Structures are given as structure tokens and as C-alpha cells.
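What follows is one structure encoded as C-alpha cells, with my remarks underneath.
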Amino acid sequence: MPAHTHLNERSRLEVLVASPSARLRKRWTGSLPRNTIIHEVRDRTALMISIGKLCPSVVLLHDILLEPCRAKNLAKLRALDSSAKIIVLSQAPKENDGIAALKAGAEGYCNKNVEPILIGKAVRKVLRGELWIGRKLVASLIREFCRLSYEPCGGEDHIFDSLTRRELEVARLISRGSRNKEISGRLGVSEATIKAHMTAIFKKLDMSDRLNLAIFLVANAAVLNKSTLAGAKPAAQTERPTAHYAQIDAMIPQQTGH
């Protein structure tokens with residue numbers, strides 16, 4: 001049930017909105033750019049046909065259309081169009097369901113009643129290659145990735161040797177879920193200085209975004225802690241102690257950017 005069908009204008013953003021609720025479809029599209037080409041479907045059959053035929057840039061998907069086997073049906077959608085960015089909007093978001101959705105190929109997972117302005121932000125994020133997920137799910141995702149995807153660099157005790165003492169302190173705080181503002185407060189320096197340290201850390205460790213960096217740091221926490229202790233020196237009077245670190249559950253979705 002397409003709202004706009006100017007399919008020849010391929011340079012414009014195309015979004016497929018899938019939900020049996022006309023109210024939700026209208027709500028979700030409210031904050032999209034005005035020139036967006038919007039296609040709407042209300043059942044899974046139409047969804048399967050449209051995603052393969054239209055090849056949309058983004059799919060806003062009500063998870064009720066994935067019942068009863070959500071992950072399996074989501075994987076089928078992904079197989080039909082591997083390039084579409086899929087954001088799953090859930091009736092009742094759960095961490096396990098969110099992780100399953102991401103494993104099945106989704107780039108985003110959030111509550112179906114999220115503020116419309118955040119839908120627009122989510123679309124922009126996933127188009128840039130980022131994930132759009134809540135802070136609690138980020139913590140669970142990091143733990144899951146560390147368990148399944150990242151093997152600690154056993155025996156490589158020197159993987160952080162290129163980092164300065166201050167960069168090691170920043171890296172350790174990142175591994176515990178601290179945001180830039182929190183790190184600057186703990187270290188008694190400006191956020192601009194923290195961003196500069198972040199840029200150096202990304203370059204030295206060959207990381208492209210904050211989430212992958214956090215996963216890498218958590219997976220190699222033992223080596224990081226050893227390196228931090230080895231490089232520790234008396235703090236300057238302008239610095240604040242860094243003994244009380246935030247827990248990993250404080251990690252928020254700052255996957256890219258500094």
C-alpha cells in the first residue's frame with residue numbers, strides 16, 4: 001500500500017514502513033525527511049514482496065509481523081535484500097529478543113512507541129552504518145559479542161604498548177561504559193581533550209568506532225588493566241582519581257563518533 005511511488009528517483013531515500021497499525025505507520029513516518037519516498041505495508045506477505053521488489057534503503061518493521069518465529073522470519077527478510085537497513089520496533093522490547101534480532105540481521109531495535117523524532121535519528125544512524133539500540137541492550141550486546149565473537153589476544157601482553165598513560169586511562173574508562181563527559185570529569189580535563197585522546201586510540205588500535213573499541217577492550221581487559229597499572233604515575237593536582245569506574249551496564253549507544 002505505497003504512499004509515494006516515484007521509484008525512478010533513486011537518489012531519494014526510500015523507506016518501507018511495515019505494521020498492521022495505520023496509526024503507528026503514520027507516527028513512524030512523521031519525522032522522516034519531507035522528500036522521502038515512503039512505502040507502506042500492513043501484512044507479512046506484502047512485506048516479503050515489497051522488500052524484494054522495491055529494495056528500500058531502510059525498513060521500519062513492527063515485530064508483530066515476524067510472529068511466531070521472529071528471528072527466523074527476520075533472517076528470511078534479510079536474505080531477500082541484504083542491503084536494506086532494518087529497524088525492528090517491538091511491542092514489548094526484551095534484551096534477548098533484541099540480541100536475536102541483531103544476530104538475524106537487524107541494524108536497529110527499539111520500542112514501537114518511541115518518540116517520532118527518534119525514528120528520524122535512528123534512520124540517519126543506520127544509514128551511516130551504525131546500530132540503533134538502547135543502553136541496556138548495548139551492555140548485553142557487548143557481553144554477547146565478547147563471548148561469541150572476540151577471543152582475547154592470549155599471550156599478546158604488548159597490544160596496548162603504543163598508548164600513552166593518559167590514553168590507557170581513557171581506554172579503561174571506555175571499557176567500563178563511561179561517556180566522554182564522565183571521562184573528562186574524572187580526569188579533570190576538557191571533553192575536547194578526551195576527543196583528541198579518542199582519535200589517537202582509534203588510530204593506534206586500528207578501530208573505526210566506539211562500540212568495536214569497547215568490545216575489544218572488554219575482551220582484553222586483563223591486558224588493559226595490567227598495562228594501565230604498569231603505566232600509572234602520581235596524578236597531577238588538577239586530575240581526579242579514577243578508582244571508581246562506571247559499570248559496563250552504563251554503556252550507551254555511542255558506536256561512532258568520539
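So here's what we get for this one:
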| item | result |
| --- | --- |
| Single unsatisfied condition, SER50 versus (1) in contact with a Gly (Cβ under 6 Å, 6 or more places away or on another chain); (2) in a helix (DSSP H, G or I) | (1) |
| From VAL88, VAL58, residue being farther than 19 Å from LYS103 by Cβ and surrounded by 19 or more Cβ atoms within 10 Å (Cβ to Cβ) | VAL58 |
| Selection within region 98-124 - surrounded by 18 or more Cβ atoms within 10 Å (Cβ to Cβ), of a type outside the set (Gly, Ala, Ser) and modelled with pLDDT of 90 or more | GLU107, TYR109, CYS110, LYS112, VAL114, ILE119, VAL123 |
| Failed criterion for LYS53 (all others in (1) surrounded by 14 or more Cβ atoms within 10 Å (Cβ to Cβ); (2) at pLDDT below 95 hold) | (1) |
| Residue match in region 201-219 (condition: farther than 21 Å from VAL138 by Cβ and of a type in the set (Val, Ile, Thr)) | no |
| Among residues of region 99-133, those that are touching a residue at least 12 places away in the same chain (Cβ under 8 Å), part of a helix (DSSP H, G or I) and closer than 21 Å to LEU54 by Cβ, counted | 6 |
| Scan of region 62-98 for residues that are assigned to a loop (DSSP other than H, G, I, E, B), under 21 Å from LEU137 (Cα atoms), hydrophobic (A, V, I, L, M, F, W, C) and under 20 Å from the mean Cα position of the chain (by Cα), ordered by number | ALA92 |
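Let's see how each residue does on (1) assigned to a helix (DSSP H, G or I); (2) more than 20 Å from the chain's Cα centre (by Cα); (3) modelled with pLDDT of 75 or more:
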{"site": "LYS136", "(1), (2), (3)": "yes, no, no"}
{"site": "CYS146", "(1), (2), (3)": "yes, no, no"}
{"site": "PRO152", "(1), (2), (3)": "no, yes, no"}
{"site": "LEU173", "(1), (2), (3)": "yes, no, yes"}
{"site": "GLY177", "(1), (2), (3)": "no, no, yes"}
{"site": "HIS197", "(1), (2), (3)": "yes, yes, yes"}
{"site": "PHE202", "(1), (2), (3)": "yes, no, yes"}
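The values are calculated or read from the model by the stated rules, or taken from the named source; none is laboratory data. What you see is a predicted model; the values in this text were computed from it and never measured. Methodologically, a virtual Cβ is constructed for each residue, glycine included, from the backbone with ideal geometry; neighbour enumeration extends over all protein chains shown.
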